[in-house]
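A.B. asks: The structure that follows is given in the form of structure tokens.
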Amino acid sequence: MPEITTVREHLGWSYANLACAHSALGAGSKKYGRINYIIRSRLYKGLISKTMSMGSTFDDEKIKYQYPKSCCYCGSRDKLHMDHLIPRIKGGEDNADNLVWACRSCNSSKGGRDVLRWLEAKERRPSILLLRRYIKLVFRYCEENGLLNMLLKEVVNQDLPFDIMALPYKIDDLENAQLWVLPND
């Protein structure tokens, strides 16, 4: 693992590891292989040097419509509402990029909490595609607010609308990872 000191490096490493997991899962692998690590390495270097980007959330929207409409946290199809990944009460935008389907139970339970910390408290992990969207939102926020080149240790204590330290550096358990939470009916 490279030395992570800046917010850009932190987000880049988290996103590159996510791409590593996405490529392995997309190929049906239960373990990481050489190609997955090459993807991670090249993407990380490209993100840090700014020769590559995370891509738009429009790509995520297209993928989201490939899956049946259900709660992105638990898979329920009952009483669905729109949920803000980054809560409005914490400054999350009221736009399509920040909105996902959530059942009433998950939406109420999550409330204004950080989605990754809320899932962690429920002993659940976010799907790969949900995490990808979330990292893109966090990156956009940091870019718009001039935080990307700041030292991570200086940003950690700021009042951000998300918990930047909740972003995972690696998806260890590919056996239980999933691209998207599928309906549970």
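A short reminder: the numbers here are calculations on the coordinates, not readings from a lab. Since the structure is predicted, the reported quantities are computational estimates derived from the model, not experimental observations. Note: ideal-geometry Cβ built from the backbone for every residue, glycine included; neighbour counts use all protein chains shown.
A.B. asks: Quick check for me: using +1 on Lys/Arg Cβ and -1 on Asp/Glu Cβ, what's the dipole size of the range 7-166 about its Cα centre, in debye to the nearest 20?
C.D. replies: Dipole size: approximately 700 debye.
A.B. asks: Turning to a different aspect of this structure: Considering the options V138, I89, Y73, tell which one lies farthest towards the positive end of the dipole of the chain, charges being +1 on Lys and Arg and -1 on Asp and Glu at the Cβ, about the Cα centre.
C.D. replies: Of the listed residues, the answer is Y73.
A.B. asks: Ok, one more. If you project the alpha carbons of the chain onto the principal axes, what extent comes out on each, in Å, largest first?
C.D. replies: 44, 39, 29
A.B. asks: Still on this structure, I have one more. Which of the three applies to the range 83-180, rounded, prolate or oblate, going by the alpha-carbon gyration tensor with a ≥ b ≥ c and a/c under 1.5 meaning rounded?
C.D. replies: Oblate shape, in that a/c is at least 1.5 and b/c is the bigger or equal ratio.
A.B. asks: Which of L167, L182 comes first, and how do the rest follow, when ranked by fewest Cβ neighbours within 10 Å?
C.D. replies: Fewest to most other Cβ atoms nearby, the residues stand as L182, L167.
A.B. asks: A further question on this structure: For the range 139-182, what does the alpha-carbon gyration tensor say about shape, rounded, prolate or oblate, given a ≥ b ≥ c as the root eigenvalues, a/c under 1.5 as rounded, and a/b over b/c as prolate?
C.D. replies: In terms of gyration-tensor shape, prolate.
A.B. asks: While we're looking at this one, here's another question. Note the full-extension length gain between M52 and R104 as 0.36 nm times their separation in residues minus their Cα-Cα distance, in nm to one decimal.
C.D. replies: 14.9 nm
A.B. asks: Looking at this model, which pairs from K45/K69; K50/K170; K30/K153 are more than 25 angstrom apart at the alpha-carbon?
C.D. replies: K45/K69; K30/K153
A.B. asks: Sort the range 13-92 into rounded, prolate or oblate with this rule: let a ≥ b ≥ c be the square roots of the eigenvalues of the Cα gyration tensor; rounded if a/c is under 1.5, and if a/c is not under 1.5, prolate when a/b is larger than b/c, oblate otherwise.
C.D. replies: Here the range 13-92 falls in the oblate category.
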